[in-house]
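First comes the structure, then the notes that go with it.
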Amino acid sequence: MPHPYVLLSAAVSLDGYLDDTGPDRLLLSGPADFDRVDEVRASVDAILVGAGTIRADNPRLLVNSETRRAARVAAGKPPYPLKVTVSGSGELDPDANFWHTGGDKLVFTTDQGAQRARALGLAADVVSLGPELDWRRLLEHLHEERGVERLMVEGGGRIHTQLLQQGLADEVQLVLAPLFVGSPEAPRLFGPGAYQSGRLRLVETRRIEDVVLMRYEPTAPGTGLVPAGADHHWLALACELATRCPPSQTAFSVGAVVVAADGTELARGHSREGDDPVVHAEEAALAKIDPADPRLATATVYTSLEPCTHRASRPAPCARLILDAGVRRVVTAWREPDTFVAGADGTGTLTAAGVDVVVLGEHEERAKAPNRHLA
């Protein structure tokens with residue numbers, strides 16, 4: 001099921017701490033960065049913090065700028081984003097600022113925690129995720145039931161850690177403050193555990209007074225049938241490559257990218273690339289990789305259209321080329337229609353051979369766009 005775009009936002013000291021151990025919250029940035037955070041809040045549909053952050057910081061989580069609230073209303077949105085918290089136990093402080101400021105509130109909890117939360121009489125909707133907290137179910141609910149397209153997560157460190165480890169973050173916005181905390185008892189941003197492999201992609205750095213904002217995107221693909229945030233980035237790139245195809249009345253415009261398990265791009269291609277008027281996107285990309293490259297066995301092929309199983313121009317369709325390359329994971333946006341081949345089923349061919357095929361239908365319209373002339 002589709003998820004919102006998940007943006008993790010935090011500020012840390014040079015030694016990686018979110019706060020110190022004093023009774024008052026440690027202010028890691030200044031007015032200019034607080035205004036930037038306010039701008040980001042105004043751009044999202046929901047803001048999420050954990051119950052621990054509510055207890056420790058007592059945040060209001062508002063859009064403070066009247067101008068930004070007015071712009072939201074003019075765009076048909078409520079003045080404040082939906083405020084969301086997560087508590088497995090349902091033990092929440094009904095006097096916290098969270099409940100008494102801003103617009104609508106939502107609590108995600110467990111079956112047992114829901115009983116406690118509802119008994120508090122909070123001005124919030126309470127949603128149980130089952131016997132345990134389930135981040136994928138939570139994100140699906142926000143998207144499908146609440147219409148949340150962009151979610152800003154402001155803490156705490158445990159939540160940031162879990163979302164990154166489960167491959168559910170699409171972006172990390174990290175502000176680095178020029179000070180040290182040094183106390184082993186102070187809270188850190190990221191905890192220990194198994195993270196996805198590979199380096200994150202740095203997409204922006206910005207000096208804001210005496211702090212530095214760094215924006216990163218994860219690059220490592222998901223595993224098996226479970227999508228990760230990076231899968232959306234790579235599939236969006238495949239859809240963008242499809243727009244570079246010379247138009248044809250007898251073939252689809254398709255883009256493809258091959259990505260190693262650590263997030264390294266191995267190759268990309270698009271239909272009718274270069275001087276070959278009949279080359280397919282997956283074919284063009286795979287031809288650029290050494291067939292003996294050991295990374296192919298754990299790589300993912302991203303293709304804007306389901307790999308073909310029949311073609312007149314070449315002896316081997318793209319599904320066969322993928323299997324021969326040893327790739328065992330494919331992510332696509334659009335199942336092949338019957339425009340040129342009746343009953344095309346590249347997904348069926350691949351899955352029958354043990355390949356995991358993930359269809360991210362939220363990218364379908366982008367994949368279709370360069371093929372509108374074929375309708």
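Since every read-out is calculated from the coordinates, none of them should be taken as a lab result. Please read all numbers here as calculations on a predicted model, not as lab measurements. Don't worry about glycine lacking a Cβ; one is built from the backbone with ideal geometry, like all the others, and counts go over all protein chains shown.
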Considering the chain as a Gaussian network with a 10 Å cut-off on Cα pairs, which listed residue, Glu140, Glu171, Glu66, attains the greatest mean-square fluctuation? Glu66
Would you mind ranking Phe34, Phe190, Phe98, Phe252 by Cβ crowding within 10 Å, fewest neighbours first? Phe34, Phe190, Phe252, Phe98
Kindly put Asp231, Asp111 in sequence by how many other C-beta atoms sit within 10 Å of each C-beta, fewest to most. Asp111, Asp231
Going by the alpha-carbon gyration tensor, a ≥ b ≥ c the square roots of its eigenvalues, is the range 5-217 rounded (a/c under 1.5) or, if a/c is not under 1.5, prolate (a/b greater than b/c) versus oblate? rounded
Starting from the amide H of Val153, placed 1.01 Å from N in the peptide plane, find each other amide H under 5 Å away whose residue is 5 or more places distant or on another chain. Leu7, Leu8, Ser9, Leu48
Residue order, fewest to most beta carbons within 10 Å, for Asp95, Asp19: Asp95, Asp19
Is the range 229-374 rounded, prolate or oblate when judged by the Cα gyration tensor, a ≥ b ≥ c being the square roots of its eigenvalues, rounded requiring a/c under 1.5 and prolate requiring a/b larger than b/c? rounded
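Let me have the 222 nm mean residue ellipticity of the chain computed from DSSP H runs of 4+ only, each contributing -39500 (n - 2.57), with the sum over all residues rounded to the nearest 500.
Calculated from helices alone, the mean residue ellipticity at 222 nm is -7500 deg cm²/dmol.
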So which lysines pass the test for Lys83, namely a Cα distance under 30 Å, with those fewer than 8 places away in the same chain ruled out? Lys105
